[in-house]
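Take a look at the structure set out below.
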Amino acid sequence: MGTFKQSHPLKVYLSDISPHSQAILEFFIGSTGGKTFTLVATAAEADAYITDFDYPGSKEHWEAEHAVSAKPCIALSIEDPQNPLVEWVSKPITANALVDAGVSISQKLQKVSSDNQEEESTTETVSRRSFKRPPPLPGLSTTQSPFRKKVLSSSPAIHTAGYTSGNRHHAPVIREVAGQHDDVAVAERPKLEPKVKQTTSTPARPQTSSSVATQQAEEIRDDASTQDNSPARRQVLSVEQIRRRQKLLCGNHENISHSKLKQNEELNYNSENFFLGTLIAGLRLAKQTKQVVQIKFEPHQFYICYDEYLVFSPLEPQSDEYAELCFTRVKPGQVNLHILGSKESNEIKKRIHTDANFTHDLESFIWTSSLLTSRGRVPSTLDCETQYLLKHWPNFTRIENFPFAMKIAARWQKKPYKLSEIAREMDIPIRYVIAFYNGVLGLSLFETKQSKIEQKINIQPPKNKGLIARLFGRLTRNEATS
Amino acid sequence: MSQINRKIIFTGPVGSGKTTAINSISDIDIVSTNQNASDMTQKRKRDTTVAMDYGVIKLGNDEKVHLYGTPGQERFDFMWSILTKGGIGLVLLLDNTRKDSFNDMKFYTNSFKDFIEEHQMVVGITQTDRQRTPSISQYREWLDELGYEAPIFEVDARKREDISLLLQGLLLSLDPGVAE
């Protein structure tokens, strides 16, 4: 064994380690473990081994190696191998335990190295190399173990930079290393460059201007970027269709003052007077009873299946007919709720599973129903001076989206705002804030604990970070163009 | 020109769709280390990620955001603290078909506790087309119980638009004024 300098990382050779663990260790040593360890390709170059003692035959293999080279070993195993010659790292392995074992071996090697130097200075007749190394056992080659070959041949070719072969399994190239051990095979790891996908990468787009013209474009773009995610809107809609749908969902008010919102009866609605009121009541009932709840609205019948989080609706929520149903006041006795018995519930559940065209995600259905009912109006119960705080984001991948909805959610979760404050701060038409408010109200996603709202009143949302803005721009741009 | 290297980490249990999600959003073919699963993992997935997945979103001018997926198997959790260095946020994917999704959420939020507190997390629920329960409402309650605040969306890891929205949620949570 050569002179060991503790200031250098410990040179380790991975022996009898499964490809999985080998990949992990290579990554670890290639990153933060690099201060303590450095990987070498052959046992001859190593100061020490790292061996998985739970690997079949590994213990015997290392003992044979040790008999020849006297190199220490970090043994990874579930149980303590009870071997004073090894540094045991118990599984599951932690980074700290590995580093500790490495440091311990380094210290021991340093001590041995110092002892050797002292000895050399007094006894020049004894070579350092032969000092610690016992004579080879007869008939034993360092590379005759079948395990080494097994490990090498199944190596997944992991690279320290994190670029790996992945599903495209590159077989490791086996080459002979001349001048070291005659029969040591080393896996030469092919360098891999990540292959660029054949997708369009559009150049960076300047930030949106606040002018009216660009804002309109932004509204369309913002909607186009998300419209694909609503289940029933996977078809491509024209700009005119998008505008028309937005009007049904959000109304068409530009900016309305606080006082006007409350004073103008046309801008107010009471959900109890609409289908939405019964839908919300049905949802509560279904949640409480854990049974399927039927809403009869002649000639239609809707079913809420809370345990599956689904609604069975004969009308497509994106249809004009459903929009009209939601916006029309119900007459007394026109809508009825029924809790179904077990037999009927099971029949409905079967239909839910077989008639996917009539089945809708519960949240998405309530969200759309809330927006179609409000159509830019506010609930008559709204207190315009109240600051609201969003407790949870709506399920944006499944609900019907409209411009600025995600941005409103982000802002409203960070800090409590009045409706008008959000619109002003974001410089957007208030109809989008009203629409978002209505949708969230239907889903009960606002914070109700006053103490939590007060905690966040003085919070300043973080400022725009360059990289985050650029990445956001890239993602939204891609969605809009895809 | 100096390169800015920031990461987004994808984590979650075996089979939750980390590899697929990265593949959906990455500008390069994902660099993966999937291997045939040889242990309990095999019950859930034929092959599994043993070290990590790697993908990239290119922003132009040599600027990139690296996407790293943690190995699904818990025995490799010592790598997680390494992977999160330089991270801007965490994407936690949870498989809705697993037996104890709450425990999964608890385990992963606890494992990345420090990182989440310093940065931001977003949660994607996968496989909801195969199993509807627990509902997203239930996940929100669990998140409350664990004391975390994060957007939760149902996602299909194969769909770029779902993963894109998930990442947009992450970025907007980091900075609500990001797009203004």
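If you stretched the chain out fully between residue A:458 and residue A:63, how much longer would it get, using 0.36 nm times the residue separation minus the C-alpha to C-alpha distance? List each step's numbers first, then the result.
Working: separation 395, 0.36 × 395 = 142.20 nm, distance 6.57 nm.
Result: 135.6 nm gained on full extension.
Output the pairs from A:407/A:456; A:290/A:350; A:418/B:58; A:415/B:99; A:290/B:99; A:11/B:85 with a Cα-Cα distance over 28 Å in this structure; if there are none, say none.
Working: A:407/A:456 18 Å; A:290/A:350 16 Å; A:418/B:58 38 Å; A:415/B:99 36 Å; A:290/B:99 21 Å; A:11/B:85 25 Å.
Result: A:418/B:58; A:415/B:99 exceed 28 Å.
Mind giving me the FRET efficiency for residue A:80 and residue B:146? R0 is 30 Å, r the Cβ-Cβ distance, nearest 0.05 is fine.
Values: r = 35 Å, r/R0 = 1.18.
Result of the calculation: an efficiency of 0.25.
Are there trypsin sites (Lys or Arg not before Pro) in the stretch A:294-355 that DSSP puts in a loop and that have at most 15 other Cβ atoms within 10 Å, and which ones? It would help to have the intermediate numbers written out before the result.
On the way: sites: A:296, A:329, A:343, A:349, A:350, A:351; in loops: A:329.
Counting only loop positions with at most 15 other Cβ atoms within 10 Å, the trypsin sites (Lys or Arg not before Pro) in the stretch A:294-355 are A:329.
Just the accessible area for residue A:40, please: 1.4 Å probe, Å², rounded to the nearest 10?
Solvent-accessible area, nearest 10 Å²: 20 Å².
Assuming R0 = 22 Å, what is the FRET efficiency of residue A:272 and residue A:421, from their Cβ-Cβ distance, to the nearest 0.05? Let's see the in-between values first.
Numbers: r = 28 Å, r/R0 = 1.27.
Result of the calculation: an efficiency of 0.20.
Among the listed pairs A:287/B:159; B:18/B:113; A:391/A:449, which are separated by more than 21 Å between their Cα atoms? Intermediate values should be presented prior to the final figure.
Values: A:287/B:159 31 Å; B:18/B:113 19 Å; A:391/A:449 10 Å.
Over 21 Å Cα-Cα: A:287/B:159.
Taking the Cα centre of the stretch B:135-180 as origin, sum charge times position over the Cβ atoms of Lys and Arg (+1) and Asp and Glu (-1), and report the length of that vector in debye to the nearest 20. Before the final figure, lay out the partial values.
Values: 4 positive and 10 negative charges, 50 e Å.
Once rounded to the nearest 20, the dipole reads 240 debye.
Testing the spin-label approximation: label points 7 Å from Cα along Cα→Cβ at residue B:110 and residue A:281. State their distance in nm.
Each label point is offset 7 Å from its Cα along the Cβ direction, giving 4.5 nm.
Remind me, relative contact order of the stretch B:93-160 in percent, using alpha carbon pairs under 8 angstrom and six or more residues apart? Don't jump to the answer; show the numbers that get you there.
Details: 66 pairs, mean separation 26.9, N = 68.
Result for the stretch B:93-160 is 40 percent.
Could you tally up the Lys pairs in the stretch A:52-121 with alpha carbons closer than 18 Å? Skip any pair fewer than 8 positions apart unless they're on separate chains. Walk me through the numbers before you get to the answer.
Numbers: A:59/A:71; A:59/A:91; A:71/A:108; A:71/A:111.
So the count of such lysine pairs works out to 4.
Residue A:350 versus residue B:131, label points 7 Å from Cα toward the beta carbon: distance in nm?
Result: 2.5 nm between the two label points.
What spacing in nm lies between the two simple spin-label points modelled at residue A:336 and residue B:61, each 7 Å away from Cα in the Cβ direction?
Between residue A:336 and residue B:61, the simple spin-label model gives 6.7 nm.
Which FRET efficiency value, to the nearest 0.05, is calculated for residue B:118 and residue A:450 with the Förster distance at 41 angstrom and r the Cβ-Cβ distance? Mind showing how you got there, number by number?
Values: r = 28 Å, r/R0 = 0.69.
That pair, residue B:118 with residue A:450, gives E of 0.90.
The values are calculated or read from the model by the stated rules, or taken from the named source; none is laboratory data. A quick note: this is a predicted structure, and the numbers were derived from the prediction, not measured. Methodologically, a virtual Cβ is constructed for each residue, glycine included, from the backbone with ideal geometry; neighbour enumeration extends over all protein chains shown. SASA here: full protein model, heavy atoms, side chains in, ligands and nucleic acids out. Shrake-Rupley method; radii C 1.70, N 1.55, O 1.52, S 1.80 Å.
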